[in-house]
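K.L.:
Here it is: the structure, laid out below.
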Amino acid sequence: SGSGSGSGSGGGASSGGGKTKKSKEATVWRDGASSKKLSKAAAASLDRSKESTEDLEALQLKEYQDKYLPESGEAAEWDESESDLELLSDSDDDGEAVKGGGAGEAKGWFEKTAVGSFLAGVTGNKVLDAEELKPVLENLRMQLVSKNVASEIADEMCASVKASLEGQRLASFTRTKTAVVAALKEAVLRVLTPRKSTDLLHQVRSNKGNKKPYVCAFVGINGVGKSTSLAKVCYYLKEHGVKVMVAACDTFRSGAVEQLRSHAKCLGVPLFEKGYLKDPGEVAKMAIAEATALQYDCVLIDTAGRMQNNDKLMRELAKLVQVNKPDMLLFVGEALVGNDGIDQLSMFNKALATYLPSGAAQGVDGIILTKFDTIDDKVGATLSMSYKTGQPVVFVGTGQKYTHLKKLNVNAVIKALFS
């Protein structure tokens with residue numbers, strides 16, 4: 001037997017003792033035809049909008065928490081240790097010329113024999129020419145393309161290796177394939193090794209002495225996971241003690257502000273927003289001013305996803321960059337792209353160079369590749385994008401949760417390309 005008179009599905013709850021069951025009163029809907037004025041209390045009782053909005057926001061927050069926050073005790077992927085690889089060793093290739101004192105003397109003696117001289121002429125001490133390099137390089141070019149390296153990049157890298165090896169003399173007992181693979185690995189390593197620091201956390205911390213917070217803007221085409229990548233970087237910085245504000249500067253796509261608001265609530269960080277159809281450059285400027293006044297360490301700017309050939313939106317992006325001069329401009333793209341990804345990135349840089357005033361040019365500073373966990377060993381986009389722009393891959397996304405973000409392991413990429 002219940003106590004009180006709550007409004008259950010069957011009307012009022014009975015408290016026993018023979019009391020009469022209270023029937024539920026029907027809602028009277030007023031369409032304006034009645035001359036009787038509705039009281040404020042009655043009008044408030046009919047307004048379900050606030051209640052339903054709060055319920056919806058609570059449900060959405062719970063959905064984001066379940067979807068993006070890590071499980072209890074789950075380690076972030078950026079904390080996982082990476083094993084180093086022997087870049088230039090190849091268990092399938094023959095060994096290089098023997099090094100060391102006694103072994104070198106033995107090798108020298110062997111080469112002086114008739115058999116040794118014959119073998120040296122066949123397998124070592126020979127000069128590499130174009131004819132001998134061609135089939136090896138063609139096989140390696142096809143290998144790179146099969147791993148999703150853009151075809152033009154594979155062609156250029158193989159041509160570079162050919163130029164560096166042609167006319168060179170092989171060490172004794174060194175196979176042509178071994179020398180070519182080693183040279184190509186070295187070339188890939190040079191492309192993927194950053195020329196400047198990619199440690200975003202270090203850069204943000206180093207900026208703390210400045211009056212203005214560190215500003216990082218995220219750009220890219222539609223649907224590549226730009227806002228989620230921003231949220232992951234926000235979580236990463238916050239976990240390391242950085243005070244972050246997020247700026248909603250995608251004032252073009254319907255639902256973009258709401259999506260970012262849900263992420264901000266889930267992350268527990270403030271969101272600066274001014275709604276839609278506003279100038280994104282001005283919104284970013286106001287966000288940075290507020291973050292400066294409130295002494296935030298970093299502002300992460302979300303921008304509208306735009307196709308690289310959308311003139312209007314590319315002009316808006318250029319204005320945002322010109323007005324706010326972000327410390328880092330990150331291009332977000334998918335890991336499973338070939339020539340398309342190169343075209344997108346190149347067009348972004350070209351548009352920025354075209355629309356920014358002379359002397360104020362700023363291109364993409366780094367790359368985030370999403371869906372890196374879905375590509376197996378087809379890691380070629382990392383090489384293609386870095387080769388084309390000269391800029392490093394700063395992070396790769398490896399899953400859905402905020403912790404599924406890690407720095408690129410160059411050694412692992414090289415191993416995957418040549419496996």
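K.L.:
Amide H neighbours of G220 under 5 Å, counting only residues 5+ apart in sequence or on other chains, H built in-plane at 1.01 Å?
P.N.:
R306, V332
K.L.:
Sticking with this structure for a sec: Which of the residue pairs K196/K388; K67/K371; K285/K350 have a Cα-Cα distance greater than 18 Å in the structure shown?
P.N.:
Working: K196/K388 16 Å; K67/K371 16 Å; K285/K350 24 Å.
From K196/K388; K67/K371; K285/K350, over 18 Å: K285/K350.
K.L.:
Continuing with this model, one more query. Can you compute 3J(HN,Hα) from phi for each residue in region 310-325, using the Karplus curve 6.51 cos²θ - 1.76 cosθ + 1.60 with θ = phi - 60°, rounded to whole Hz and x for Gly and Pro?
P.N.:
8, 4, 4, 5, 5, 5, 4, 4, 4, 5, 4, 5, 5, 6, 10, 6
K.L.:
Can you check how the C-alpha radius of gyration of region 302-419 compares to 2.2 N^0.38 Å, as a plain ratio?
P.N.:
On the way: Rg = 14.9 Å, N = 118, 2.2 N^0.38 = 13.5 Å.
Relative to the rule-of-thumb radius for its length, region 302-419 sits at 1.11.
K.L.:
Arranged from highest to lowest average of other beta-carbon atoms within 10 Å per residue, in what order do the peptides 309-319, 65-75 appear? Spell out each step's value before the answer.
P.N.:
On the way: 309-319: 16.8, 65-75: 10.9.
In decreasing order of mean packing, 309-319, 65-75 become 309-319, 65-75.
K.L.:
Report, by chain and number, residues whose modeled amide H sits under 5 Å from the one on A150, excluding near sequence neighbours (fewer than 5 apart, same chain).
P.N.:
For A150, the qualifying residues are S384.
K.L.:
Now for a separate question. To the nearest 20 Debye, how big is the dipole of region 347-388 about its Cα centre, given +1 on the beta carbon of each Lys and Arg and -1 on that of each Asp and Glu? All intermediate terms of the calculation are to be shown ahead of the outcome.
P.N.:
Values: 4 positive and 4 negative charges, 43 e Å.
Here the size comes out at about 200 debye.
K.L.:
Can you give the extra length, in nm with one decimal, that the chain gains between D129 and Q168 once fully stretched, where that is 0.36 nm per residue apart less the Cα-Cα distance?
P.N.:
Details: separation 39, 0.36 × 39 = 14.04 nm, distance 0.82 nm.
So the chain would gain 13.2 nm between D129 and Q168.
K.L.:
Using packing as a proxy for protection, rank 383-391, 288-296, 242-250, 258-266 so that the peptide with the highest average count of other Cβ atoms within 10 Å comes first. Could the numbers behind the result be given before it?
P.N.:
Values: 383-391: 21.6, 288-296: 15.6, 242-250: 24.8, 258-266: 19.1.
The packing order, highest mean first, is 242-250, 383-391, 258-266, 288-296.
K.L.:
Based on the alpha-carbon set only, what is the convex hull volume of region 290-367 divided per residue, in Å³?
P.N.:
On the way: hull volume 8.3 nm³, N = 78.
Dividing the Cα hull volume of region 290-367 by its residue count gives 106 Å³.
K.L.:
When the accessible area of region 175-258 is split by element with a 1.4 Å probe, what percent falls to carbon and sulfur?
P.N.:
Values: 1650 of 3370 Å².
Accessible surface attributable to carbon and sulfur in region 175-258 totals 49 percent.
K.L.:
Continuing with the same structure: For region 209-218, just list the computed ³J(HN,Hα) in residue order, Karplus coefficients 6.51, -1.76 and 1.60, θ = phi - 60°, integers in Hz, with x standing in for Gly and Pro.
P.N.:
In residue order, the calculated couplings are x, 7, 6, 8, x, 5, 10, 10, 10, 10 Hz.
K.L.:
Let me ask another. Show me the ranking of peptides 201-212, 162-173 by mean Cβ neighbours inside 10 Å, starting with the highest.
P.N.:
Numbers: 201-212: 13.1, 162-173: 15.1.
Top of the packing list down: 162-173, 201-212.
K.L.:
If you average the C-alpha positions of region 255-308 and of region 329-368 separately, how far apart do those two centres end up, in angstrom?
P.N.:
21
K.L.:
Tally up the carbon and sulfur contribution to the accessible surface of region 308-419 as a whole percent, 1.4 Å probe, everything protein left in place.
P.N.:
Numbers: 2050 of 4290 Å².
That fraction is 48 percent.
The values are calculated or read from the model by the stated rules, or taken from the named source; none is laboratory data. Fair warning: this is a prediction, and the values are worked out from it, not measured in the lab. Counting neighbours? That spans all protein chains shown, and the Cβs are built from the backbone with ideal geometry, glycine included. Heads up: the accessible areas ignore ligands, DNA and RNA and are worked out on the full protein's heavy atoms, side chains in. Shrake-Rupley method; radii C 1.70, N 1.55, O 1.52, S 1.80 Å.
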